[in-house]
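Report on one structure; see the data block that follows.
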Amino acid sequence: MITNLETKECNFILSNNYIGHLGYIFQNKPFVVPITYFFDEKANHIICYSGEGHKITAMRKNSTVSLQVAEIETVNNWKSVLIHGQFELHFGSEAKAYLHTFSLGVKDVITEQKQIKLDRISDFSSKIYKDEIPFVFLIKIKEVTGKKRVH
């Protein structure tokens, strides 16, 4: 039986994971890509970063995005959260502060889950090439829904 998740269950799943699937539209086609994220529950937004490329170009043109995060044990035992929100690009010292929050937050989630210590952001997130300045962006959450199937 598939049922809805309560808000607190959705927030728990978002807070205790760091990899999701980002959905966006480019040239009238939907795209979904895996992405490392941090859920800032107090501010009610998702923090991400990326190198320059397809998804940044697409989200600049159409800022409506989604993020899906799932915990799957088996085909009959899973939980899934879907966020609908707005892409918001940040620059300068504000972007640096968000990237710092992202880094510390994701490290904490990984340390808690896997009991391993990480030193650098590249230990747990996509590598940005040396001379490339990362694009730091938020997903300002508009709506959160969740489903679960427990057998």
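The values are calculated or read from the model by the stated rules, or taken from the named source; none is laboratory data. Owing to the predicted nature of the structure, the values given are computational and were not obtained by experimental measurement. Cβ sites come from the backbone with ideal geometry, for glycine too, and all protein chains shown count toward neighbours.
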Any chance the range 6-20 includes a residue that's surrounded by fewer than 16 Cβ atoms within 10 Å (Cβ to Cβ), more than 14 Å from the chain's Cα centre (by Cα), within 26 Å of ALA95 (Cα to Cα) and not polar (S, T, N, Q)? no
Counting only strands (runs of 3 or more DSSP E) wholly inside the range 14-118, the ones holding at least 3 residues that are at pLDDT 95 or above and β-branched (Val, Ile, Thr) are 29-36, 64-74
Determine which single condition PHE39 fails, assuming it passes every other condition in (1) in contact with a helix residue (DSSP H, G or I) (Cβ under 9 Å, 6 or more places away or on another chain); (2) loosely packed, with under 12 Cβ neighbours inside 10 Å. (2)
Test result for LYS29, among the charged types (D, E, K, R) and loosely packed, with under 13 Cβ neighbours inside 10 Å: yes
The correct count of residues that are surrounded by 13 or more Cβ atoms within 10 Å (Cβ to Cβ), more than 16 Å from GLY20 (Cα to Cα) and not hydroxyl-bearing (Ser, Thr, Tyr) in the range 53-85 is 4
Scanning for something among the hydroxyl-bearing types (Ser, Thr, Tyr) and within 27 Å of VAL150 (Cβ to Cβ), does the range 47-59 turn up at least one residue? no
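This table checks each residue for (1) free of Cβ contacts under 8 Å to residues at least 40 places away in the same chain; (2) under 27 Å from ASP108 (Cβ atoms); (3) touching a Gly at 6+ places or on another chain (Cβ under 7 Å).
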position: THR7; (1), (2), (3): no, yes, no
position: CYS10; (1), (2), (3): no, yes, yes
position: SER15; (1), (2), (3): no, yes, no
position: HIS21; (1), (2), (3): no, yes, no
position: GLY53; (1), (2), (3): yes, no, no
position: ILE56; (1), (2), (3): no, yes, no
